[in-house]
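Some notes on the structure that comes next.
We did not get these values from a lab; they are worked out from the coordinates using the rules stated. It should be emphasised that the depicted structure is a prediction, and the values quoted were computed from it without experimental measurement. Using ideal geometry, Cβ is built from the backbone for each residue, glycine included, and neighbour counts are taken over all protein chains shown.
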Amino acid sequence: MNKDYYKILDVEKSATHTDVKKAFRKLAQKYHPDRKTGNEAKFKEVSEAYSVIGNEQKRKEYDSYGKTFGGGQQQGGGFDFSGFQQGGFGGGIDIEDILRGFGGGFGQQQQQVRKGRDISMDIEVSFKDSIFGTQKKVLIAKVSKCSECDGSGGKKGTSMSTCAACNGQGKVHQTQNSFFGAFQTVVECIECVATGKVPKEKCKDCRGAGVRKQEEEITVTIPAGINAGEMIRMGGLGEAVKNGTPGDLYIKVHVTPHELFKRSGVNLVVEVPLKLTDALSGTVYNLTTLEGKRLEVKISPLKKTEETLRVKGYGVPQGSARGDIYLKLSVSLPQKLSSKAKDLVSQLKEHGL
Ligand SMILES: [Zn+2]
Ligand SMILES: [Zn+2]
């Protein structure tokens with residue numbers, strides 16, 4: 001089912017936008033149904049390919065996923081050429097005009113799914129919460145479904161009447177100038193949001209919009225083990241639109257650094273500077289894990305100035321397993337020696353240390 005749009009446009013995957021535009025222009029002229037070399041099916045195919053590859057955002061999506069997500073040409077399929085047969089190819093061809101045409105008259109009345117805008121917000125969690133996960137309640141001010149009229153835009157109990165702007169058709173005709181000359185397009189009626197009906201009396205809270213900016217409390221589930229900078233997507237919690245589906249909410253997670261632990265993948269790392277004597281004779285290190293458990297970790301005399309000691313478990317949860325804690329042991333040299341200590345060092349010297 002997936003078409004190779006690059007192949008259709010006869011360009012390399014690495015082609016620049018200008019190259020893509022040129023290739024499309026060449027093929028569009030060749031296949032345009034008004035031409036001798038015309039081929040409607042090919043023309044549609046080329047146009048469809050260009051509507052994706054010629055659009056930076058859609059091209060990215062296509063490159064990554066092999067498809068695009070925006071509304072539009074995916075479900076449209078058939079293009080109606082009857083509207084602009086008389087146009088022909090004028091001098092200054094503006095390819096952008098073709099694209100503008102895609103939304104309306106170019107495709108047959110494409111049932112574009114109305115979708116609200118995606119929104120994003122930032123959230124800060126403690127280091128511990130990022131490791132074990134948590135739930136956070138946040139207040140967010142966004143355009144959402146009007147709670148007074150439940151999105152209908154009408155005053156409670158009011159009846160609906162036929163929209164005067166579109167005569168109840170839900171759409172209105174517009175004349176558009178394009179690449180192929182002027183043609184009629186059909187666009188959604190703004191008054192009734194394509195429903196063909198308007199409430200007799202508008203809702204006072206949203207003035208008939210069906211949506212309004214309001215504060216909403218939402219609960220965000222922070223999954224265990226989330227990394228700083230990761231995004232959580234909450235489908236349908238973006239901005240609402242009347243007669244459509246809401247956008248999505250993206251939450252960027254920031255993590256407050258911990259005073260003791262640092263994260264390294266599924267493991268936690270603790271820097272442990274040891275006194276010279278502890279490094280030489282070994283010691284016991286009192287470790288309090290992130291969940292508050294106290295452990296006595298035996299440290300053997302160091303063989304090198306820096307060693308790593310693993311404390312199994314107690315790291316980042318991974319399903320039923322856990323990462324580990326790594327103690328990064330190092331020798332902290334004394335900054336000052338008392339005269340007594342200096343004497344002792346000379347004695348050590350005699351022992352070849
Ligand atoms: Zn309302
Ligand atoms: Zn209308």
The local net charge around residue 264, scoring Lys/Arg +1 and Asp/Glu -1 for residues other than residue 264 whose Cβ lies under 13 Å from its Cβ, equals +2
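So what is the relative contact order for the chain, in percent, with contacts set as C-alpha pairs under 8 Å and at least six apart? Write out the running numbers ahead of the final one.
On the way: 648 pairs, mean separation 51.1, N = 353.
Once divided by the residue count of the chain, the mean separation gives 14 percent.
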For the chain, the charge dipole (Cβ of Lys, Arg +1; Cβ of Asp, Glu -1; about the Cα centre) points to a positive end, and the Cα of 285, 309, 235 closest to that extreme belongs to 285
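Near residue 39, within a Cβ-to-Cβ distance under 10 Å, what is the net charge of the other residues, with Lys and Arg +1 and Asp and Glu -1?
Neighbourhood net charge equals +2.
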Any aspartates and glutamates whose Cα falls less than 19 Å from that of residue 262, other than same-chain ones fewer than 8 residues away, would be 124, 129, 230, 271, 291, 306, 307, 324
Once the in-chain neighbours fewer than 8 apart are removed, the aspartates and glutamates whose Cα is under 14 Å from residue 26 read 10, 45, 94
Subtracting the Cα-Cα distance of residue 234 and residue 148 from 0.36 nm times their residue separation yields 28.5 nm
Inverse of <1/r> over all distinct C-alpha pairs of segment 133-192, i.e. the Kirkwood Rh in Å, gives 15.7
Treating only Lys and Arg (+1) and Asp and Glu (-1) as charged, each at its beta carbon, one finds that segment 223-353 has a dipole about its Cα centre, in Debye to the nearest 20, of 260
Flagged as over-length at 23 Å C-alpha distance, from 60/142; 3/44; 60/115, the pairs are 60/142
Magnitude of the Cβ-charge dipole (Lys and Arg +1, Asp and Glu -1) of the chain about the Cα centre, nearest 20 debye, reported as 320
For residue 116, the residues 5 or more places away or on another chain with a placed amide H closer than 5 Å to its own amide H are 241, 245, 247
Rounded to the nearest 10 degrees, the helix 17-31 long axis (Cα) sits at an angle to the longest Cα principal axis of the chain of 30
At q = 0.16 Å⁻¹, the log10 of I(q)/I(0) for segment 261-350 from a Debye sum over equal Cα scatterers comes to -0.70
Any lysines whose Cα falls less than 19 Å from that of residue 342, other than same-chain ones fewer than 8 residues away, would be 275
With label points set 7 Å from each Cα along the Cα-to-Cβ direction at residue 117 and residue 10, the distance between them in nm comes to 4.2
Highest mean packing first, using Cβ neighbours within 10 angstrom, the peptides 255-263, 304-312 sort as 255-263, 304-312
In degrees, nearest 10, the alpha-carbon axis of helix 339-350 is tilted away from the dominant principal axis of the alpha carbons of the chain by 80
Mean projected area, convex hull of alpha-carbon positions in segment 295-342, reported to one decimal in nm², is 5.1
For the chain, the longest principal axis of the Cα atoms and the Cα long axis of helix 40-53 enclose an angle in degrees, to the nearest 10, of 30
Semi-axes a, b, c in Å (a largest) for the chain, each sqrt of 5 times a Cα gyration tensor eigenvalue, come to 66, 31, 14
Rounded to whole angstrom, the alpha-carbon centroid of segment 111-154 lies from that of segment 284-310 at a distance of 43
The farthest towards the positive end of the charge dipole of the chain, of the residues 161, 332, 172, given +1 on Cβ of Lys and Arg and -1 on Cβ of Asp and Glu, is 332
Net charge (Lys, Arg +1; Asp, Glu -1) of residues whose beta-carbon lies under 12 Å from that of residue 313, residue 313 excluded, is +2
